[in-house]
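**Q** Here it is: the structure, laid out below.
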Amino acid sequence: AASLAEWIFYMSADVDPRYRDGKPLRPPPGKLQSQLAKLCATYAATAAFVSAIEPFGFRPTAAVCEACGVSGPLAAALVRVGDNLSGTVLIYLFLSLLLTLGSILVLAQGHDPIDGFDNPVFKSCSPREFWGRRWNLQVNAMLKRSCYKPLAGAGLAAPLATLATFGASAGFHEYQFALSMPGYRV
């Protein structure tokens, strides 16, 4: 049987604490309370969003176009964009909920966690900003630290190091899909 400390460590393993000079930083006052409030708000937003789109089979734009009798190539493009945006928001809310819970567990251990996201869906102005500066900052930092910097430091040209890091990210995601979805095939 695992101890409470081992359970907390396991559940927060996907969230890294902030470090300075090789030592984890202590959280600022009030950070635990703000993360608890964020958890409640994210849970409420996720529940409300799922409740709004579930009746339409999680494809709300298609349902609106069908109800309004809109059809043709422009409607098809609108449906794809709208439904993909809905899916992106749903994934963002779900992952934000999980990372906020992990952050609370890191805070409970007395460390200041790295933020999971920086509102990528609504603040990003480009794909580069979305993926590079706002989406899943934990994985971004891990890939930069463990793949990009060692390759670039070994003399590999920056575009090749970037491509190799992208490949490592793809492999990492395929591995996660294979673990979480029985029967998944590449």
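The values are calculated or read from the model by the stated rules, or taken from the named source; none is laboratory data. All values derive from a computational prediction rather than experimental measurement. Backbone-built Cβ (ideal geometry, glycine too); neighbour counts: all protein chains shown. Please note that ligands, DNA and RNA were not included when accessible areas were found on the heavy atoms of the full protein model with its side chains. Shrake-Rupley method; radii C 1.70, N 1.55, O 1.52, S 1.80 Å.
**Q** Under the definition of Cα pairs under 8 Å and six or more residues apart, what whole-number percent is the relative contact order of the chain? Mind dumping the intermediate values first?
**A** On the way: 152 pairs, mean separation 46.0, N = 186.
It rounds to 25 percent for the chain.
**Q** Can you pull the accessible area of MET181 for me, 1.4 Å probe, Å² to the nearest 10?
**A** For MET181, the solvent-accessible surface is approximately 80 Å².
**Q** With a 1.4 Å probe and every protein chain left in place, tell me how much accessible area GLU54 has, in Å² to the nearest 10.
**A** Estimated to the nearest 10 Å², GLU54 gives 100 Å².
**Q** Follow-up. How large a share of the accessible area of the chain, in percent, is made up of carbon and sulfur atoms when the probe is 1.4 Å and the other protein chains stay in place? Mind showing how you got there, number by number?
**A** Numbers: 8150 of 12340 Å².
Its accessible area is 66 percent carbon and sulfur atoms.
**Q** If you take the charge dipole of the chain about its Cα centre, with +1 on Lys and Arg Cβ and -1 on Asp and Glu Cβ, which of ALA48, GLN138, SER180 is farthest toward its positive end?
**A** The one lying farthest along the dipole's positive direction is GLN138.
**Q** Tell me, what is the FRET efficiency for ALA52 and LEU160 to the nearest 0.05, using R0 = 41 angstrom and their Cβ-Cβ distance as r?
**A** Working: r = 44 Å, r/R0 = 1.08.
About 0.40, to the nearest 0.05.
**Q** How do ARG18, ARG133, ARG80, ARG185 stack up against each other in accessible area, from largest to smallest, with a 1.4 angstrom probe? Spell out each step's value before the answer.
**A** On the way: ARG18 75, ARG133 145, ARG80 170, ARG185 200 Å².
Ranked list, largest accessible area first: ARG185, ARG80, ARG133, ARG18.
**Q** While we're on this one: How large is the convex hull of the Cα atoms of the stretch 35-186 per residue, expressed in Å³ as a whole number? List each step's numbers first, then the result.
**A** Numbers: hull volume 26.4 nm³, N = 152.
Per-residue hull volume (Cα only) is 174 Å³.
**Q** How much accessible area does VAL64 have with a 1.4 Å probe, in Å² rounded to the nearest 10?
**A** Accessible area, nearest 10 Å²: 80 Å².
**Q** Only four residue types carry charge here, +1 at the Cβ of Lys and Arg and -1 at the Cβ of Asp and Glu. Report the dipole size of the chain about the Cα centre in Debye, rounded to the nearest 20. Present the calculation step by step, with values, prior to reporting the outcome.
**A** On the way: 16 positive and 12 negative charges, 108 e Å.
My answer is approximately 520 debye.
**Q** A further question follows. Keeping all protein chains in place, calculate the accessible area per residue for the chain (probe 1.4 angstrom), answer in Å². All intermediate terms of the calculation are to be shown ahead of the outcome.
**A** Working: 12340 Å² over 186 residues.
Here the per-residue accessible area is 66 Å².
**Q** Evaluate the charge dipole of the stretch 107-146 about its Cα centre and quote only its size in Debye, nearest 20, assuming +1 on the Cβ of each Lys and Arg and -1 on the Cβ of each Asp and Glu. Can you show the working numbers first?
**A** On the way: 6 positive and 4 negative charges, 43 e Å.
For this selection, approximately 200 debye.
**Q** With only Lys, Arg, Asp and Glu charged, each at its Cβ (+1 for the first two, -1 for the last two), find how big the charge dipole of the stretch 81-186 is about the Cα centre; round to the nearest 20 debye. Can you show the working numbers first?
**A** Details: 8 positive and 6 negative charges, 54 e Å.
For this selection, approximately 260 debye.
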